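What follows is a single structure, written as structure tokens, with notes after it.
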Amino acid sequence: MSDRDLLMIPGPIELEPSVLAAMGEKQRGHLDGTFMKRFSRVLKRLRDVFHAPTGQPFVLAGSGTLAMELAAANLVQPGDAALVVNTGYFSDRMGFCLTRHGATVTHVRAAPGAAPSLDEVRKALAGGKYKVLTVTHVDTSTGVLAPVQEYAALAREAGVLSVVDGVCSVGAEALDMDGWGVDVALTGSQKALGAPPGLAVLMAGPRAMAAWKARTQPVRSLYLDFGEWLPIHEAYEAEKPSYFATPPVNLLSALDVSLGLILEEGMAARVARHVRMANAVRAAFKALGLSTLPVSEGLAAHTLSALYYPAGVDAALVKAVAAQGVTIAGGLHPELKTKYFRVGHMGAVSANDVLAVVSAVERALVASKVQVQPGVGVAAAEKALA
Ligand code: PMP
């Protein structure tokens, strides 16, 4: 792989040079004044990105999975029941996190590529005494964009906390925690937040914080306990020195730079750009005769596309595309793993990136002896972008 190859997987993603430069800055101490200012700004900026003016942000060293476990560890205790609205691999993982922290978990499942209907979720909610409902905003294994706003409304009606795994959505898909009544949303730094991997990011709304305070049993993990982190985050936000566990200084500086770029673009404009890029990618693959794993356009994410291999092609296509200088990803959903591939298009993604990945797939298909008219996909993408 050359340094000029293009990374188009659903995270980690290509980064803005200024974000990467922050990683290589002089190492500052975790109580350095400049760093405290940056951490404070990260926390404030996250409220804007999540549309959560009254939210409590937490940013910990760790990946998206740690953010999932952070939610589970603090919101449930043994004896609680949780409902997982399941759209794939990462919904299963949320179920494992909740189970590990003592909850009894029920899944309302959809076939791969689909999402449970509102009726199914309403019925499931009525069938138990749940404390939390979880939903994967974009399931990266299927490319399905779940109707989070509607699910969250159902949870609210039922008096159940809603937790959104936004690892593959926050910073790119529309999300209005406050307006939609979402109680927790979480992500990792390496996807649409546009920073390197290594930070678990979680926003807890007031009802989630109240539920944590009302626990009758201690959080079973020291590192994950809101009680350890809350005073630290409050202190950093006020630019005051405080210590529980050493924060990843340069990663937080990189996230600060990226959040600055995100808010400069504006969340509405950023969401609109992702829609435009996703539409161009999809138009191109449709023109090439490929079909998407999400069963309808309305369920297709704007951060990645999951596409079935055409007849006669298998996972070797991913390697053939890499030979054209673009890295894409294979399948992930256990039932369909070998039947589809995934293209990430989030963060700094531009029209040039979209055309490059479409062209690389076209060239790889031609090299794989698939009957496609070279240029058809690129033309369709250009038309969609025009
Ligand atoms: N949830 C979703 C929707 C994801 O896409 C991912 C990562 N692909 C995760 C959770 C887990 O994040 P991580 O790999 O950073 O632990």
Somewhere in region 143-163, is a residue more than 26 Å from Ala306 (Cβ to Cβ), crowded, with 20+ Cβ neighbours inside 10 Å and in contact (Cβ under 8 Å) with a residue 40 or more places away in the chain? yes
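Within 16 Å of the ligand (Cβ to nearest atom) and over 17 Å from Thr65 (Cβ atoms): which single residue out of Gly227, Gly198, Gly194 fits that description?
Just a single option satisfies the conditions, and that option is Gly194.
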Out of (1) closer than 19 Å to Thr65 by Cα; (2) outside any loop (DSSP other than H, G, I, E, B); (3) out of contact with any Pro (no Cβ under 8 Å at 6 or more places or on another chain), the one Arg207 does not meet is (1)
Just one listed residue, out of Ala214, Ala210, Ala204, is open to solvent by less than 10 Å² (accessible area, probe 1.4 Å) and either away from the ligand (no atom under 14 Å from the Cβ) or not hydroxyl-bearing (Ser, Thr, Tyr) (or both), and it is Ala204
Filtering region 15-42 down to residues that are open to solvent by 30 Å² or more (accessible area, probe 1.4 Å) and in contact with an Asp or Glu (Cβ under 7 Å, 6 or more places away or on another chain) yields Lys37, Arg38, Arg41
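Residue-wise test of (1) at pLDDT below 95; (2) in contact with a helix residue (DSSP H, G or I) (Cβ under 8 Å, 6 or more places away or on another chain); (3) open to solvent by 20 Å² or more (accessible area, probe 1.4 Å); (4) over 25 Å from Thr136 (Cα atoms).
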residue: Thr246; (1), (2), (3), (4): no, no, yes, yes
residue: Ala254; (1), (2), (3), (4): no, yes, no, yes
residue: His274; (1), (2), (3), (4): no, no, no, no
residue: Ala280; (1), (2), (3), (4): no, yes, no, no
residue: Leu293; (1), (2), (3), (4): no, no, no, no
residue: Leu299; (1), (2), (3), (4): no, no, yes, no
residue: Tyr308; (1), (2), (3), (4): no, yes, yes, no
residue: Ala311; (1), (2), (3), (4): yes, no, yes, yes
Considering region 70-117, residues that are closer than 27 Å to Pro57 by Cβ and charged (D, E, K, R), and then whichever is farthest from the ligand (Cβ to nearest atom), we arrive at Asp80
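The values are calculated or read from the model by the stated rules, or taken from the named source; none is laboratory data. Everything numeric in this text was worked out from a predicted model, so none of it was measured. Every residue, glycine as well, gets a Cβ built from its backbone with ideal geometry; the counts of neighbours run over all protein chains shown. Side chains are part of the model used for accessible areas, which takes the heavy atoms of the whole protein and leaves out ligands, DNA and RNA. Shrake-Rupley method; radii C 1.70, N 1.55, O 1.52, S 1.80 Å.
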